[in-house]
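Asker: So that we are looking at the same thing, I have put the structure below in structure tokens.
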Amino acid sequence: MIVSLNDAGGGVTKAWGLSNFGFRSCWGSLSEQFSKLADSIYFQSVDSRHLYLNLFASSSLHWHERGVTVEQLSQFPFDTSTTTAIRITIDPSSRVVNGGSGVYFSLHIRVPIWATGSNTIYVNEEAIAGNMPGRYIQIDREWNDLDIVEVSFPMSLSIEHINDWRPEFANVRRRFGARGIVVRVLVLSCSLG
């Protein structure tokens, strides 16, 4: 809250808006959002049979309930050929096997709404069909040690409705007819000194 509640400089006031219109709720929660990203990379179902991959970030998850480690190696957004690579490692000491040498579970990979180009998902170099933007692709299988999933979602530009009739956006409505250009920008930081 320190970041969002401090003024930017001397003599500067923060326009809070009215309680029923114009209140920018992100002022109180924006600083929290960055710390919340890490806990939203993966979700599991209540019955521990489904794993949902939501964000494409280099990370590692030891999924105790299934006895596997899921590791993401992502160069997103720097690598335009691959969004992320996922390696499944089976923990031999805590196998949850169904008669085979692997572990059966469903991996659900989020296909972002902006991924409207030539999306590809491969499991051990075998193409997976049906990756539709705005949905999850579900891969049901027995996963073996060191299985690799390669995901590529090329970025694209899209036009979407702007449902905001405030006077500040009148020019946008005149120009695009209640539509606006949505540009997905990634803000990267670096050391300046």
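Asker: Going by amide H atoms built from the backbone, whose H comes under 5 Å of the H on residue 136, apart from near neighbours?
Answerer: The list, which skips near neighbours in sequence, is 111.
Asker: Here is a further query. Given H placed on each backbone N at 1.01 Å, which residues far from residue 147 in sequence or on other chains put an amide H within less than 5 Å of it?
Answerer: 88
Asker: On to the next question. Taking H as built 1.01 Å from N, whose amide H comes closer than 5 Å to the amide H of residue 50, not counting residues under 5 places away?
Answerer: 45, 106
Asker: Multiply the residue separation of residue 49 and residue 91 by 0.36 nm, subtract the distance between their alpha-carbon atoms, and state the gained length in nm to one decimal.
Answerer: Difference between extended and current length: 13.5 nm.
Asker: What FRET efficiency, computed as 1/(1 + (r/R0)^6) with R0 = 25 Å and r the Cβ-Cβ distance, is obtained for residue 141 and residue 37, rounded to the nearest 0.05? Mind dumping the intermediate values first?
Answerer: Numbers: r = 28 Å, r/R0 = 1.13.
My answer for the efficiency is 0.30.
Asker: Find how much the distance from residue 65 to residue 78 grows on full extension, using 0.36 nm per residue of separation minus their present alpha carbon separation; answer in nm with one decimal. Show your work: numbers first, answer last.
Answerer: Values: separation 13, 0.36 × 13 = 4.68 nm, distance 3.33 nm.
This chain segment gains 1.4 nm when fully extended.
Asker: Please report the net charge: other residues with Cβ closer than 9 Å to the Cβ of residue 87, K and R +1, D and E -1. The partial results should precede the final answer.
Answerer: Details: positive: none; negative: 71, 147.
Spelling it out: positives minus negatives among the neighbours equals -2.
Asker: Another question, if that's okay. Starting from the Cα of residue 106, step 7 Å along the direction of its Cβ; do the same at residue 118; then give the gap between the two resulting points in nm.
Answerer: 3.1
Each value in this text was obtained by applying a stated rule to the coordinates, not by laboratory testing. Quick caveat, the model's predicted, so the values are computed rather than measured. Every residue, glycine among them, receives a Cβ derived from its backbone with ideal geometry; neighbour counts consider all protein chains shown.
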